[in-house]
Amino acid sequence: MSPADIVRREEFELSFMVKALRTALGAEVIGLDVSQPFDAGTLEVIQQAFFDHHLLVFRDQNLSDEEQVAFSRQFGALEAFPEADKTKSAIEIYNVANVSPEGKHFDINDHRAIYQKVNARFHTDSSYRSIPSLASIMYGIEVLPDGTGGGETEFSNMFKAYDALPTSMKARLKPLYMVHYYEFGRRLYPELPPVPVKERSMVPPVTHPVVRVHPDRDNRRSLFITANAGNEIGGMTLEEGQALHRELVEHVAKVEFCHRHRWRVGDLVMWDNRCLLHRAMAYDMEKHRRVLRRTTVAGTGPIVGPFSHPTK
Ligand SMILES: [Fe+2]
């Protein structure tokens, strides 16, 4: 290492810090403005922190749509969304909001409001794709006032949830595949309009292993279930699949695996969809405004199950 490198490293270490949260996952990155592109050293540290902690919180940011897209692209190609969402300002931006772009609350019977109930169930973003996403990145624009209950995003650590399973359950899950499909979440709420044929044809049903390995964590195993999957598990009847799915959903919701993020304006939260589930906690949607802006880093390949890495 050259003297110049040492000076640079010392400056770099002083410029921000990564502080682990005292919960089942996550870290806060303190003192880093993410509106500017990272230099190679910063990007390396942030990527390693992301692999180590699975979720990073950058507080007090001030980001335009374009800056969030540029930040996100540092971690890979971005997904475009199949939804015909009229609130999007760019194809890579998905607005999670209970108000219209003009600032009016959605009526509680509006399908955009009802659709947010789908997100109240533990899920991973884009599990309905043949190559599910790597990471989601969400920015807080309008959030619930301090002291108001609800509106948090809760995350569950699938490494910990998997590790805590009895050996017999791990053996049972090892060969299983589950069907994921885009429409399933909507079907839970009959009041929602059907998915247009064009959108549906872009995301046909896919199967993924119930236990997956993580390519950036030495192929460590984790659970890959989502409450929005169809409960259809290969080799099981629908009833058996539903019963097993219910049991696993109850398991991952245990408090020892979870962390709840209470949103502040200017929070940028980035999480690893390859080992975390998340859900939106309920809040009074008629009284409060909640506007978050999401970008999604695409996955790099199909999900790999434990048979490809039998020694782990
Ligand atoms: Fe989500």
Please give the charge dipole size of the chain, origin at the Cα centre, charges +1 on K and R Cβ atoms and -1 on D and E Cβ atoms. Round to the nearest 20 debye.
900 debye
In what order do 207, 296 fall by count of nearby beta-carbon atoms within 10 Å, going from fewest to most?
207, 296
Using the Karplus curve 6.51 cos²θ - 1.76 cosθ + 1.60 with θ = phi - 60°, what ³J(HN,Hα) values do you get for each residue of region 111-117, in whole Hz, with x for Gly and Pro?
4, 5, 6, 5, 4, 5, 5
Of 117/198; 174/198; 104/254; 19/104; 160/198, which sit over 32 Å apart, Cα to Cα?
174/198; 104/254; 19/104; 160/198
Cα centroids of region 280-303 and region 92-131: how far apart, whole angstrom?
7 Å
Cβ-based exposure ranking for 154, 191, in which fewest neighbours within 10 Å come first
191, 154
Is it possible to state the helix-based mean residue ellipticity at 222 nm for the chain, with each DSSP H run of 4+ residues giving -39500 (n - 2.57), the sum divided by total residues, to the nearest 500 deg cm²/dmol? What is it?
-7500 deg cm²/dmol
Counting sequence-distant residues (5 or more places) and residues on other chains, those with an amide H built under 5 Å from that of residue 291 are 141, 142, 143
Identify which of 283, 139, 128 has the largest mean-square fluctuation in a Gaussian network model of the chain, with springs joining Cα atoms closer than 10 Å.
283
Could the peptides 174-184, 155-165 be put in order, highest first, of the mean number of other beta-carbon atoms found within 10 Å of their residues?
155-165, 174-184
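No lab work stands behind these numbers, since they all come straight from the coordinates. Everything numeric here is computed off the predicted structure, so don't read it as measured data. As a convention, Cβ positions derive from the backbone with ideal geometry for all residues, glycine included, and neighbour counts pool all protein chains shown.
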